[in-house]
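This report concerns only the one structure given below.
The values are calculated or read from the model by the stated rules, or taken from the named source; none is laboratory data. Being a predicted model, the structure only gives us computed values, none of them experimental. In this analysis, Cβ positions are derived from the backbone assuming ideal geometry, glycine residues included, and neighbour counts consider all displayed protein chains.
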């Protein structure tokens with residue numbers, strides 16, 4: 001895997017611009033996907049989730065797009081703010097009898113917002 | 001309501017020792033999961049407990065074990081510590097599938 005905080009893909013955007021963070025997931029049997037944000041010194045924080053029966057889901061300033069054909073997930077952040085600076089992870093989950101605990105996390109992308 | 005709490009926040013041990021980490025989930029959450037986060041491997045699933053039963057286990061050696069108590073609090077234990085066990089250990093709790101999984105701040109374990 002790749003380093004958290006070291007050698008991570010970095011996306012640098014200007015404050016107010018839109019950000020798009022991409023993620024390729026690994027298991028075609030995964031049917032639930034989540035985006036997390038992790039700030040330095042903190043645990044991951046839930047942003048938005050989507051089930052495999054959907055292609056798009058919107059939250060407050062965030063949109064998640066799911067393309068099952070190519071196993072691709074994206075997170076769009078509108079009007080990016082300095083407080084959005086963090087490492088973003090996608091996570092996938094396969095249903096093993098109702099369990100959600102076994103999330104498989106992506107490598108992470110570091111978002112840097114320039115004021 | 002109170003979030004997920006983990007104790008201790010920082011721990012320094014030497015090779016060969018064992019360690020026990022504790023996690024208190026959000027009140028009402030019966031699912032507790034543990035993850036290891038390292039710069040090299042990223043976030044990796046260790047195990048999940050639900051109502052005192054281990055429901056899922058990741059690909060870690062048997063030195064890593066855990067348990068959950070009747071009040072949903074959980075502990076994880078690592079025996080015969082190795083240098084490579086140095087990591088941030090994260091605990092997360094949730095109501096169940098399709099419900100938000102809340103993470104604690106983690107325990108930073110350093111093995112010397």
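A compact table of results
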{"read-out": "Some residue of the stretch B:89-111 being away from chain A (no Cβ under 11 Å), more than 21 Å from residue A:44 (Cα to Cα) and assigned to a strand (DSSP E or B)", "value": "yes"}
{"read-out": "Any hit, the stretch B:24-34, residues being more than 10 Å from chain A (Cβ to nearest Cβ), farther than 26 Å from residue A:32 by Cα and buried (at least 16 other Cβ atoms within 10 Å of the Cβ)", "value": "no"}
{"read-out": "Subset of the stretch B:72-88 [within 14 Å of another protein chain (Cβ to nearest Cβ) and in contact with a strand residue (DSSP E or B) (Cβ under 7 Å, 6 or more places away or on another chain)]", "value": "B:72, B:74, B:76, B:86, B:87, B:88"}
{"read-out": "Some residue of the stretch A:89-96 being within 23 Å of residue B:97 (Cβ to Cβ), assigned to a strand (DSSP E or B), at pLDDT 95 or above and away from chain B (no Cβ under 14 Å)", "value": "no"}
{"read-out": "Residue among B:69, B:64, B:60 that is more than 11 Å from every other protein chain (Cβ to nearest Cβ), touching a residue at least 12 places away in the same chain (Cβ under 8 Å) and under 11 Å from the mean Cα position of the chain (by Cα)", "value": "B:64"}
{"read-out": "Which listed residue is within 18 Å of residue A:89 (Cβ to Cβ) and at pLDDT 95 or above, from B:104, B:58, B:62", "value": "B:104"}
{"read-out": "Of the criteria (1) over 29 Å from residue B:7 (Cβ atoms); (2) more than 8 Å from every other protein chain (Cβ to nearest Cβ); (3) touching a residue at least 60 places away in the same chain (Cβ under 8 Å), which one residue A:38 fails", "value": "(1)"}
{"read-out": "Residue in the stretch A:55-65 that is surrounded by 20 or more Cβ atoms within 10 Å (Cβ to Cβ) and either within 12 Å of chain B (Cβ to nearest Cβ) or in a strand (DSSP E or B) (or both) present", "value": "yes"}
